[in-house]
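Novice: Sending over a structure as structure tokens; questions will come in a sec.
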Amino acid sequence: MLALALVALALLLTVYPAAGAKDDQSKSKKQAADAYKKAYELILSKEYAKAQKEFAAYMEAYSDSRWYDDARYWYCYSFMQSTKDFEKAFNCFREFIKDHPNSEYREPAEENAVLIAKKLSRTDPIYKKYLDEIYATDEAEINRTLIMALIERGDEHTIVELYDETADAETRRWLVYALGDCESVVCKEKLLVIAKTDEDPENRRHAIYALSDSGDEVELVPIMIEILKTEEDPDIRRHTVYVLAESKDPAAVYTLIDIALEEGDSDMARAAAYALAETDHPDAREALEKLIRESKDPDIKRAALYSLFDDAGIEALGTLKDIALTDPEPDLRRAAVYAIAEMEQETAANALTEIFNTSDDIEVRRAALYGLANFDEEISVDLLRDAAVNADDEELARAAMYTLVEVIDEDQIGYVMEVYEKTPHREVRRTALHVILDAGGDQALPILAKVVKTETDPDLRTHAVRALGEVDDQDEAVKILADVARNDSSNRVRRAAIQVLGDIDSDAANDALFEIYRERSKKKQTD
């Protein structure tokens, strides 16, 4: 016991000064270091009862300290030395080992737990069972070390024999990895046997991993196809499907097509659909389109659709448009629209326009409008303006407004002005007006003058007032601002007009401010 303490003390003293020097920049870390040192000095002086209390206080106060696991070990150690309750001391070490498996104190904690278990096993069979498990684990570790030494020698016949003779599951997995690193025919043949017949699914899976990393596609594809025919584990079958997806062998592609179209397990069919998307074979795209058209499983259709539109060519446009307009699944209809929006051809823009004009699904129509923003040269802004003005659904009208803003040029602000003046939707009007005001310049002056006189929303009038300070025709702007400062119904809007007049550096603005001030002073005297 004393030897263990001295070993641990030597470990501590090798790191403690450096840690203290490193952490003394932080007051809290220095306090933690001082508290740890105080408690540990009680261990050195063998005042274990006091040490136990100090380490308990340390753990409560400094739970995030770098020395927390050290303190917890010494707490258990001082508890073991100061009490006759060995059962609690044993549990203290066991919980430490469980919570701190990578601590430098793990090994001494395990040895102390064994010492206590030997004492308690005389009267309690539970501790005898614990000791039996520990010794069995130690033996297994020795066997693994011995086997790994044999693996390092690299003799493929030895590795195969070891696999056949070893019962330990973890060691057998190590041997599978060793077989994967071995490039001889003997190792590959053994891996194939394991992949097809081993009782442990983990070993079969890792054997397939190793085979798939071999890089020999001529041999690999028939092996994977054969495994698919015999394997029952769904996870392994899915992995095999993904291995086939990496191949350009037509046999792999046609196997995936068969699974996607005919497999009863929907998870496998989805995996095959995603795998088909990774191949460049023309028949793969045709199979995906067939899945979308004919599958009764929405999840499989969705997998096929997403796989298809990840790299959708214009040849898929007809299928995607049909889905957008007719599929019973709303999310598939929208997904088809998004796929079309990723295309760059003018025919895709025409398809989105047709979808917008004919679909009775508001969400699909909105997605079509947003998709049209990618085709600013191919679409008619009249379509967007009309939708923003005439759409019954306000969200749809707003989508049209946002898309219109994305595609018009600076000299086409008149489209937005028309929306502002004609749309019945309040939020669309606000959006249009903000666009107009942000555009600034003399082209916005007429609408600004109209807004400050007719707009009922004081926030928008305030925004218009501030925009007047940015126009080129400052004389006209001063006239409008002076009128607002005198007559607007909102104090906030009038105040904003006065502030903008104050920012305009012109005689007209200065004269307007003095005139407004004299008028207000005169009115105050009259009142």
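The values are calculated or read from the model by the stated rules, or taken from the named source; none is laboratory data. The model shown is predicted, which means the values in this text are computed figures rather than measured ones. Neighbour counts are summed over all protein chains in view; Cβ atoms, including those assigned to glycine, are modelled from backbone coordinates with ideal geometry.
Novice: Taking the criterion of being at pLDDT 85 or above and more than 22 Å from Ala391 (Cβ to Cβ), would at least one residue in segment 424-439 satisfy it?
Specialist: Taking segment 424-439 as the starting set, the residues that turn out to be at pLDDT 85 or above are 424-425, 428.
Subsequent filtering for residues that are more than 22 Å from Ala391 (Cβ to Cβ) retains none.
No, that holds for no residue.
Novice: Is there any pair linking a residue in segment 500-527 that is hydroxyl-bearing (Ser, Thr, Tyr) to one that is surrounded by 13 or more Cβ atoms within 10 Å (Cβ to Cβ), with Cβ under 9 Å and at least six apart or on different chains, and which?
Specialist: As it stands, the answer is Ser506/Gln474; Ser506/Val478, since those pairs meet every condition given.
Novice: Do you know which residues across segment 174-188 are farther than 9 Å from Ala210 by Cβ and under 36 Å from the mean Cα position of the chain (by Cα)?
Specialist: Trp174, Leu175, Ala178
Novice: Inspect segment 343-350 for any residue being modelled with pLDDT of 85 or more, assigned to a helix (DSSP H, G or I), buried (at least 20 other Cβ atoms within 10 Å of the Cβ) and not small (Gly, Ala, Ser) and give the result as yes or no.
Specialist: no
Novice: Would you call Arg492 under 22 Å from Arg430 (Cβ atoms), surrounded by 16 or more Cβ atoms within 10 Å (Cβ to Cβ) and in contact with a helix residue (DSSP H, G or I) (Cβ under 7 Å, 6 or more places away or on another chain)? Steps first, answer last, please.
Specialist: On the way: under 22 Å from Arg430 (Cβ atoms): yes; surrounded by 16 or more Cβ atoms within 10 Å (Cβ to Cβ): no; in contact with a helix residue (DSSP H, G or I) (Cβ under 7 Å, 6 or more places away or on another chain): yes.
Judged against the criteria, Arg492 is not a match.
Novice: Looking at segment 70-101 only, could you name the residues that are of a type in the set (Ser, Thr, Tyr) and within 16 Å of Leu120 (Cβ to Cβ)?
Specialist: Applying the first criterion (of a type in the set (Ser, Thr, Tyr)) to segment 70-101 yields 73, 75, 77-78, 82-83.
Of everything in segment 70-101, just one residue is of a type in the set (Ser, Thr, Tyr) and within 16 Å of Leu120 (Cβ to Cβ), namely Thr83.
Novice: Let me ask you something else. Name the single residue that is nearest to Ile208 (Cα to Cα) among those in segment 146-167 being at pLDDT 75 or above and exposed (fewer than 15 other Cβ atoms within 10 Å of the Cβ).
Specialist: Only one residue fits best here, namely Asp164.
Novice: Right, here's the next one. Evaluate segment 237-245: report whether one residue or more is modelled with pLDDT under 80 and within 23 Å of Tyr338 (Cα to Cα).
Specialist: The answer is no, given that none of the residues of segment 237-245 is modelled with pLDDT under 80 and within 23 Å of Tyr338 (Cα to Cα).
So that you can scan it fast, the table gives a plain yes or no per residue for (1) surrounded by fewer than 19 Cβ atoms within 10 Å (Cβ to Cβ); (2) on the phi < 0 side of the Ramachandran plot; (3) under 46 Å from the mean Cα position of the chain (by Cα):
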| position | (1), (2), (3) |
| --- | --- |
| Trp74 | no, yes, yes |
| Thr83 | yes, yes, no |
| Phe86 | yes, yes, no |
| Cys92 | no, yes, yes |
| Phe96 | no, yes, yes |
| Pro101 | yes, yes, yes |
| Thr123 | yes, yes, no |
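Novice: Now for a different question. Within segment 377-391, is even one residue within 19 Å of Leu320 (Cα to Cα) and crowded, with 23+ Cβ neighbours inside 10 Å? Before the answer, list the steps.
Specialist: Keep residues of segment 377-391 that are within 19 Å of Leu320 (Cα to Cα), which gives none.
Taking every residue of segment 377-391 in turn, none turns out to be within 19 Å of Leu320 (Cα to Cα) and crowded, with 23+ Cβ neighbours inside 10 Å.
Novice: Can you tell me which residue is nearest to the chain's Cα centre (by Cα) among those in segment 189-223 that are modelled with pLDDT under 80 and among the polar types (S, T, N, Q)?
Specialist: Among them, the one singled out is Ser212.
Novice: Is there a residue being of a type outside the set (Phe, Trp, Tyr), within 28 Å of Tyr127 (Cβ to Cβ), surrounded by 15 or more Cβ atoms within 10 Å (Cβ to Cβ) and free of Cβ contacts under 8 Å to residues at least 40 places away in the same chain anywhere in segment 57-65?
Specialist: First pass over segment 57-65, keeping only residues of a type outside the set (Phe, Trp, Tyr): 57, 59-61, 63-65.
The next check asks that each one be within 28 Å of Tyr127 (Cβ to Cβ); those that pass are 59.
Okay, now just the ones that are also surrounded by 15 or more Cβ atoms within 10 Å (Cβ to Cβ), so 59.
So of that shortlist, the ones also free of Cβ contacts under 8 Å to residues at least 40 places away in the same chain come out as 59.
Within segment 57-65 (the criterion being of a type outside the set (Phe, Trp, Tyr), within 28 Å of Tyr127 (Cβ to Cβ), surrounded by 15 or more Cβ atoms within 10 Å (Cβ to Cβ) and free of Cβ contacts under 8 Å to residues at least 40 places away in the same chain), the answer is yes, since at least one residue qualifies.
Novice: Mind listing just one residue for me: the one in segment 265-280 that is at pLDDT below 75 and outside any helix (DSSP H, G or I) and, of those, surrounded by the most Cβ atoms within 10 Å (Cβ to Cβ)?
Specialist: Within segment 265-280, the subset at pLDDT below 75 is 277-280.
Going one step further and asking which of them are outside any helix (DSSP H, G or I), we end up with 278-280.
Working: Glu278: 16, Thr279: 22, Asp280: 9.
Among them, the one singled out is Thr279.
Novice: May I ask you to verify whether Lys290 is at pLDDT below 80, over 25 Å from Asn374 (Cα atoms), part of a helix (DSSP H, G or I) and touching a helix residue (DSSP H, G or I) at 6+ places or on another chain (Cβ under 6 Å)? Let's see the steps before the verdict.
Specialist: Details: at pLDDT below 80: yes; over 25 Å from Asn374 (Cα atoms): yes; part of a helix (DSSP H, G or I): yes; touching a helix residue (DSSP H, G or I) at 6+ places or on another chain (Cβ under 6 Å): no.
Against the criterion (at pLDDT below 80, over 25 Å from Asn374 (Cα atoms), part of a helix (DSSP H, G or I) and touching a helix residue (DSSP H, G or I) at 6+ places or on another chain (Cβ under 6 Å)), Lys290 does not qualify.
Novice: May I pose another question? I need a count of the residues in segment 412-435 that are under 21 Å from Pro458 (Cβ atoms) and surrounded by 23 or more Cβ atoms within 10 Å (Cβ to Cβ).
Specialist: Number of matching residues: 5.
Novice: Which residue is modelled with the highest pLDDT, if the candidates are limited to segment 119-137 and must be closer than 17 Å to Ala89 by Cα, in contact with a helix residue (DSSP H, G or I) (Cβ under 7 Å, 6 or more places away or on another chain) and not polar (S, T, N, Q)? Break it down into steps so the answer makes sense when it comes.
Specialist: Just the residues of segment 119-137 that are closer than 17 Å to Ala89 by Cα, to begin with: 119-124, 126-128, 130-131.
Checking which are in contact with a helix residue (DSSP H, G or I) (Cβ under 7 Å, 6 or more places away or on another chain) leaves us with 119-121, 127, 130-131.
Among the residues that remain, those that are also not polar (S, T, N, Q) are: 119-120, 127, 130-131.
Numbers: Lys119: 85, Leu120: 88, Tyr127: 85, Tyr130: 81, Leu131: 77.
Ranking the candidates gives Leu120 first.
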